[in-house]
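Structure, as structure tokens:
The values are calculated or read from the model by the stated rules, or taken from the named source; none is laboratory data. Just so it is clear, the structure is predicted and the values come from calculations on it, not from any experiment. Here the Cβ positions follow ideal geometry from the backbone for every residue, glycine too, while neighbour counts run over all protein chains shown.
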Amino acid sequence: MDRIRVAIAAPVPSGLTDFLLELEPRIDLRYDPEVLPPMRHPADFSGDPSYSRTPEQSRRYEELLVDAEALYGIPDVDPTALRHVVEANPDLRWVHTMAAGGGATVQAANLTSEQLNKIIFTSSAGVHAGPLAEFAIFGMLAGAKDLPRLSAQQAAREWSGRWMMGQLQEQTVLVIGLGGIGRRIVELLGPFGTTIIGTSRRRSSVPGVDEVIHPDDLDSVASRVDAVISTLPGTDATTGLLDRSFFTSLKAGATVVNVGRGTVIDEAALIDALSDGRVRFAALDVFATEPLPADSPLWSMPNVLVSPHTAALSVHEDRRIAELFCDNATRLLDGQPLRNVINTEEFY
């Protein structure tokens, strides 16, 4: 290939299109900012929900998408819109999803096997590793230092007796998923001297990980861990992986952190474990249903930190995704394998 036609299908910040062309001049951009909702903050790829297109803008958006060979983002982050474009555009050969877990949207589009085999889907996995790893460390420290107790005593102006706080150096943590996020967590935990157990379907060794187990063996190590961090994507294979059996086996007083997808945890089982003390503290950035329903007990539990799926956001995210996309554009144009290709059987 000499060049590739790329349609900007999602909102992008001012100046990003120039940056894309600077990184890979062989891109022919299709970009019309008037047909995209304004961004409310960095990495706001859904855009302002109050925005709506006029019939004329809808026509222009449609023309832009069906003329492209590649999409920068899933149109309106909507699986139905993605399916429509795939059906209407016979030249489409690559779609880049802005989310690290973009496979879920691709799966929801219900594309045929022929369509999935024809088009390469890539994700932004790895772009969010740093911010999510920091949140994971924050959650572990909050649990070890008993943040809920400190906050309650401060609110009550209570100067209690002294007590022993947990030390990460003395703890064993189970990092579920040793992809980009998991590996970055392992790197950040290194200076603390924490003992680390990690999961890998291939049982691949990872620097800094003391023990690697298969995800099917979680219950066998649960009684040994002081903290659990899930970084897993939401797939059929990971749904409910941290179930009632796991929490029953878990060492009493453990901390649970989730920076992957909410569906990995059986929330009813987690709530019961939080209620009986099996889980002492949970820091959750993701939930099975988002936004978290107002009637969820998690909102009012003093030993739970609710983060509205915001831990991954960074002012640098838009630029990092653009760099990843352009690296893949260069690879595609040069006939090289792309990075972060979504497995269209398991959709991660």
Looking for whichever is crowded, with 17+ Cβ neighbours inside 10 Å, within 30 Å of K251 (Cβ to Cβ) and among the hydroxyl-bearing types (S, T, Y) here; the options are T172, T105. Which one fits? T172
Would you confirm whether any residue within region 161-174 is under 21 Å from the mean Cα position of the chain (by Cα) and not hydroxyl-bearing (S, T, Y)? yes
Strands (runs of 3 or more DSSP E) within region 155-237 that include 2 or more residues within 20 Å of R261 (Cβ to Cβ): 172-176, 195-199, 227-230
Could you identify the single residue in F247, F287, F281 that is part of a loop (DSSP other than H, G, I, E, B), among the aromatic types (F, W, Y) and in the same structural domain as I176 (by TED's automatic domain parsing)? F287
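One line per residue, one yes/no per condition, for (1) farther than 22 Å from L132 by Cβ; (2) of a type outside the set (G, A, S):
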position	(1), (2)
S160	yes, no
M164	yes, yes
L178	no, yes
P191	no, yes
V225	no, yes
D243	yes, yes
G253	yes, no
I265	no, yes
I271	yes, yes
Find the residue count for region 174-217, including only residues that are among the basic types (K, R) and closer than 17 Å to A312 by Cα. 2
Which members of region 3-20 meet the condition of being in a helix (DSSP H, G or I) and surrounded by fewer than 15 Cβ atoms within 10 Å (Cβ to Cβ)? D18
D276 being modelled with pLDDT of 95 or more, charged (D, E, K, R) and surrounded by 20 or more Cβ atoms within 10 Å (Cβ to Cβ): no
Here is a check on your reading of the model: is V228 of a type outside the set (S, T, N, Q) and under 22 Å from the mean Cα position of the chain (by Cα)? yes
Test each condition in (1) hydrophobic (A, V, I, L, M, F, W, C); (2) touching a Phe, Trp or Tyr at 6+ places or on another chain (Cβ under 9 Å); (3) farther than 30 Å from V173 by Cα for A109 and report the one that comes out false. (2)
Quickly run through region 304-348 and pick out the residues that are within 24 Å of P291 (Cβ to Cβ) and free of Cβ contacts under 8 Å to residues at least 40 places away in the same chain. V304, V306, P308, H309, T310
Residues to consider are G253, G262; find the one that is surrounded by fewer than 23 Cβ atoms within 10 Å (Cβ to Cβ), closer than 14 Å to I229 by Cα and modelled with pLDDT of 95 or more. G262
Looking at region 212-237 only, could you name the residues that are crowded, with 20+ Cβ neighbours inside 10 Å, at pLDDT 95 or above and β-branched (V, I, T)? V225, V228, I229, T231
Have a look at R40, R30 and point out the one that is surrounded by 14 or more Cβ atoms within 10 Å (Cβ to Cβ) and charged (D, E, K, R). R30
Within region 51-73, count every residue that is touching a residue at least 40 places away in the same chain (Cβ under 8 Å) and either surrounded by fewer than 18 Cβ atoms within 10 Å (Cβ to Cβ) or among the hydroxyl-bearing types (S, T, Y) (or both). 2
